[in-house]
Structure formats: C-alpha cells, structure tokens
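These notes are about the structure you will find just below.
The values are calculated or read from the model by the stated rules, or taken from the named source; none is laboratory data. Predicted, not measured: the structure shown is a model, and the values here were computed from it. Cβ: placed from backbone, ideal geometry, glycine included. Neighbour counts: every protein chain shown.
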Amino acid sequence: MKGKMKGKMRNESRPENTPKAPNASVAPNGSETARIGIVTVSDRASRGEYEDRGGPAIYDWLEKHVSTPWAAERRVVPDERAQLEDCLRELADESECCLVVTTGGTGPAPRDITPEATEAVCERAMPGFGELMRSVSLQVVPTAILSRQTAGTRGRCLIVNLPGNPSAIADCLGAVFPSIPYCIELMGGPYIDTYPTLIHAFRPKHAKRSAHA
Amino acid sequence: MKGKMKGKMRNESRPENTPKAPNASVAPNGSETARIGIVTVSDRASRGEYEDRGGPAIYDWLEKHVSTPWAAERRVVPDERAQLEDCLRELADESECCLVVTTGGTGPAPRDITPEATEAVCERAMPGFGELMRSVSLQVVPTAILSRQTAGTRGRCLIVNLPGNPSAIADCLGAVFPSIPYCIELMGGPYIDTYPTLIHAFRPKHAKRSAHA
Amino acid sequence: MKGKMKGKMRNESRPENTPKAPNASVAPNGSETARIGIVTVSDRASRGEYEDRGGPAIYDWLEKHVSTPWAAERRVVPDERAQLEDCLRELADESECCLVVTTGGTGPAPRDITPEATEAVCERAMPGFGELMRSVSLQVVPTAILSRQTAGTRGRCLIVNLPGNPSAIADCLGAVFPSIPYCIELMGGPYIDTYPTLIHAFRPKHAKRSAHA
C-alpha cells in the first residue's frame, strides 16, 4: 500500500496554486534544518477544484515566526484515511520531519477522518494540544467544540491537527507553537527558535542557547 | 442479542411516571422532524424503584428551547453495558435519531458504564463536548472532574452523555446545545433551530435559513 | 511476567534516599486506613543516580493535607512500560490501594511511557483529571500542554499521573485532591478527609460524616 501511495503523494506535493517558498528563508538541507510537513486534507483541493488556503496559511505563519532554518514538505491529500495515514508515515519516517501539521478534516462531517488517521499512525497521544486549541477557538466561536483536532508523536515526529479555516489556523498556532520547539527538543529533534517579538518559544533555562547554528 | 433487546427496550420507552409530550409541540413524523433519543441509564429507574428525573429534565429542556419540529424517543435502561450499547444502536440505526442524549452512569462508581458503551458504538469521538461540559460544571462543583462524559458520532447520529443530576443537565445542555444544530447539519441531518431569546444555535452565515420547513 | 517482576519491585520500594514515614501520622493497618501508592517513574532514580524528589514531595503533601488514617506504599521503577504496568497492578490488586499516584514519565521524551502504562491497566478513563491538571499548569508555564497526564480506575483503585517537578506536583494535587475522597467513596473505598483549613474535600451533604473512625 505504502509503495503505491508514495509516488502519488509526491506528485501531489507543492501544487501550482500555492506560492513557492522564497529561497532566502528556507535553509538548504543541513544538520540543523528542521523539516516541517504541511498537509492539506481536502477532497476538493486534492482534485484542484478548490484553492488550498490552509496549507499556504500555515506556510506563511511559520515563515513569519520561525527564526531558525527550516524547510517545508507540502502535501495535498483527499479525505481518505488510508492515503492520509500513508502520507503522515512517509513524512515522519522517510522525509524525517520533526513536525507535521495538518489542515482540514477535523469536523463531524462524514468525510472528516483526519483525527482518526493521526491517532492510527501515532504511538502516543498529546491530548493537551486539542484541549488548548478548542479552548482558544471557543473564545471566537461556540462551535469550536465540534473540532476533533488531536496531536501525537510517531517516533521523533510531532503531528498536530490544525483547523481548515486560515484565521482559526493562526489562532491555534499562536496558542500551541510556544510549546513546540521544546517538545521537539525533548524528542531529540533539531533546535527551533522563534522571533521573540512575535512569539516566545518557551523552554527551561538549561535548554536555551545563546546563538543558533 | 439485538433482536431480543429491542422488544424489551420498546416496552421500557415513555414510562408512566414521565409526562406525555403535548401534541402541539411534537410534530408528526415528517421529513424535517428531528428524532431525538433520550436515554436514562439507571438500575433503579429501570426497575421502577426510583423516579426517572433525568429523562424528563432533558425532554422539558428541549421542549422549551427547540423551535423546529422534533419528536422524542424515550428509553430507560439499567447500567448494563451490552443493553445500553444495543439501545444506542437501535436509536441511531433503526429509529434514525439525529441526536441521542443519555443521562446517568458517567461517574466513577463500579456500575457506571455509559461512556464505555458510548465509545463502543461510536465510530468517531467528539472530545470537545466532554471537555466543555466538565469545564462548565467545574464552576459549580469541584467534583465535576469525576464525570467521564463523552460524545461521538455513529453514522449520522450524534450521541452525547449528560450528567444524571437535573440541574447539571441544564448547565451542560446550555453549554453544548448552541453547537448541536450545526453539527447535525454537517452530518447530513435535519435543520434544527432554537428560540433565539433563550439560546442561540450557532451556524455560519451560509448555513442559515430565513424560514423553516 | 508478573511473578518475576513483583520480587524486583518489592526490593525497589522505599529506597534509602527517601525519608521514612513518621509513625505518628501513618496509621496501623486497619479497616479504615486508606492505602495510597506513590510511584516514582524514573530511569535515573531507579538506578540510584538521581535523588527521587517527586515521591517525597507527594508523601509530604499527603502527610500535610490528609486528616484520616492512611499508609503509603512507595515504589521507584524505571521508565519501562511492562515494569510500571506490573507495579500499578500489584498496588491496586494485591496491596489494595484505593489511590495510586505516579510522578514522572508523562512528557514527550522517547522514554516517557507513564500514561500508556496507566491506560493499559485501567478499565475506565477519567479524562477530567488530565484536563484540569493541564489547565492549572498552563497558568504557570505554556509547555503544560506537553504533559500527557491521565487518570483512570482499576477495580476499586483510582490511578492518577502527576508531573515530575515537585512544585508542579503541589499545583496538581491542590487542583484534583478536593475531588479524590468522594471519588474513592463512590468506588466503595475508605472514608478520606482533609484538614479543612488547608484544602476542602468536597462531597455532597448526604455523604458527609460528623466524626471519623
């Protein structure tokens, strides 16, 4: 299953309707470059019937807030559980992403399967992410409780479900990203930092570095 | 198992100690009538040793707040996991309820099995419901964290666990019901609305209707 | 597996670097004595390379706050899922603890397996404990969402994961302990009370006792 899927997903990556990453900010592949998977889960976006807005919103947010070298791995997959599971496994295991964020497919509609696929590929659940994201979204809209967003770890990769809506994406990343660099560090991944005037990547004193590689 | 249970549960429905629904507000079975299951989970109530207060409290709350046509399917079952699972399956699959609310059996006492039965029959979990209900109840009583209330979807049916205590039922319905009509709509169910002076059924603009069927 | 493990764990109990309980406050084994398991989960503490600070912090907190007779069962185990599961089963089933609290192993580091071991031995989850502890810790540190703390019941035993950090232990016990005595009572366990000037053990009026055994 995996072999068959992979080729297809690679073709789907970086679709033409998403802006190309400016080279200046995406570092060349190096030991300290954090590889971050950005997965849009949408039937319509995967068929090209709908412009993917969630993936670019995540990319732009990371571009603006992350100060250390990172590189994006973009994917667009339909709301098919097997395909999404395979995509998440490939990003964690072969592309060696330390972080994978998804957008879309977390609601109660019959096709929404993102949380189930995430749980299926993760060894360990991180319930605090979903709790905090729903709590933050609840201050904006009462239907935030309908979001089934979850997070978990697969090997050294943290997988986090974000909403589909770009403004909700920013709210959720703003809430959970302060914890992500230290989480990745605890998992043995690369050192990630943020622009402190925009967002503070929290870590205990002993884990701070004065200069970055 | 299911065949045997069904007859029994039908006999248990609408027990004599609960008020009969006034015909004026319960619409005849029609295409847009929302069928709502109300399940009391209680050993004593199912044996008639104890007046069911949770089921009528839910019925009265819905009667007061829901403005669109709906019909209740009432059940009273003992704290037996297999019987409750069968009851939930029957309400979702055969009675075609778009919503089933339970009352009772969510605490830590040895006989409390409502969350386990709910999870067993649901394909997908809706963790935001339990989180919000516990958070709201925590403002009333510190032991709210002992409630193991959960929610999930089975096919096109949303199943939500409510507490056993009638005043806690009102607190919890007041917190989660604003999200339920849009949730049911996303699942392909009937259009449900509420009396806006009492409670606001939230939905995005594109999903609003100016007049109801 | 269990037989082999048990001997080892008994040897590990009450390590020399933890203070001995003063006899004055630990009641002799009696019908109403609450047996409370305190489990430190740490590779380094179990090898004696690191002083166990979490276990003594829990012991001291209980010593200060619990007014009814109780006795501690101390264990120190490495971050090995099978060993921790066996330790939790032994404390619940053989030592007949009504409460077991763990410290350590709830983060995202590769060796952290405390929540998985807890879920594996529990029949029922108590999600409200983790939600409240993360919510309380979030007011202190944004990385509180990285804690995967959970709780559940095994037979008549409540198992609760606490953080590793002693100051976070006090925050979490202060938040959840008010609910624990009534929880244990609902599970058929001993009557536990607290010094009301320090912390209020909440229970409904009908469950209160004017004098303790």
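Considering region A:181-198 alone, what residues qualify as being over 17 Å from the mean Cα position of the chain (by Cα) and within 10 Å of another protein chain (Cβ to nearest Cβ)?
Of everything in region A:181-198, those that are over 17 Å from the mean Cα position of the chain (by Cα) and within 10 Å of another protein chain (Cβ to nearest Cβ) turn out to be A:186, A:188.
When you go through C:128, C:104 one by one, which is the residue that is more than 22 Å from residue A:184 (Cβ to Cβ), touching a helix residue (DSSP H, G or I) at 6+ places or on another chain (Cβ under 9 Å) and buried (at least 24 other Cβ atoms within 10 Å of the Cβ)?
Working: C:104 fails: more than 22 Å from residue A:184 (Cβ to Cβ).
Just one listed residue meets the conditions, C:128.
Which residues, taken from region B:151-167, are within 17 Å of residue A:143 (Cβ to Cβ) and in contact (Cβ under 8 Å) with a residue 60 or more places away in the chain? I'd like the intermediate steps shown before the answer.
At the first step, the residues of region B:151-167 found to be within 17 Å of residue A:143 (Cβ to Cβ) are B:151-153, B:158, B:160.
Scanning region B:151-167 gives B:158, B:160.
Are any residues in region C:57-74 in contact with a Ser or Thr (Cβ under 8 Å, 6 or more places away or on another chain) and assigned to a strand (DSSP E or B), and if so, which ones?
C:66, C:70, C:71, C:73, C:74
Conditions tested, residue by residue: (1) touching a Phe, Trp or Tyr at 6+ places or on another chain (Cβ under 6 Å); (2) free of Cβ contacts under 8 Å to residues at least 24 places away in the same chain; (3) buried (at least 16 other Cβ atoms within 10 Å of the Cβ).
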{"site": "C:169", "(1), (2), (3)": "no, no, yes"}
{"site": "C:174", "(1), (2), (3)": "no, no, no"}
{"site": "C:177", "(1), (2), (3)": "no, no, yes"}
{"site": "C:180", "(1), (2), (3)": "no, no, yes"}
{"site": "C:191", "(1), (2), (3)": "no, no, yes"}
{"site": "C:200", "(1), (2), (3)": "no, yes, no"}
{"site": "C:204", "(1), (2), (3)": "no, yes, no"}
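Restricting to strands (runs of 3 or more DSSP E) lying wholly in region C:92-180: which have 2 or more residues that are at pLDDT 95 or above and more than 11 Å from every other protein chain (Cβ to nearest Cβ)?
By residue number, C:99-103, C:157-162.
Restricting to region B:181-203, name every residue that is of a type in the set (Ser, Thr, Tyr) and either in a loop (DSSP other than H, G, I, E, B) or in contact with a Gly (Cβ under 7 Å, 6 or more places away or on another chain) (or both).
Narrowing region B:181-203 to residues of a type in the set (Ser, Thr, Tyr): B:182, B:191, B:194-195, B:197.
Answer for region B:181-203, where residues must be of a type in the set (Ser, Thr, Tyr) and either in a loop (DSSP other than H, G, I, E, B) or in contact with a Gly (Cβ under 7 Å, 6 or more places away or on another chain) (or both): B:191, B:195, B:197.
Which residues, counting only those in region A:75-91, are in a loop (DSSP other than H, G, I, E, B) and touching a Lys or Arg at 6+ places or on another chain (Cβ under 6 Å)? Walk me through how you get there before you give the answer.
Just the residues of region A:75-91 that are in a loop (DSSP other than H, G, I, E, B), to begin with: A:78-80.
Selection gives A:79 alone.
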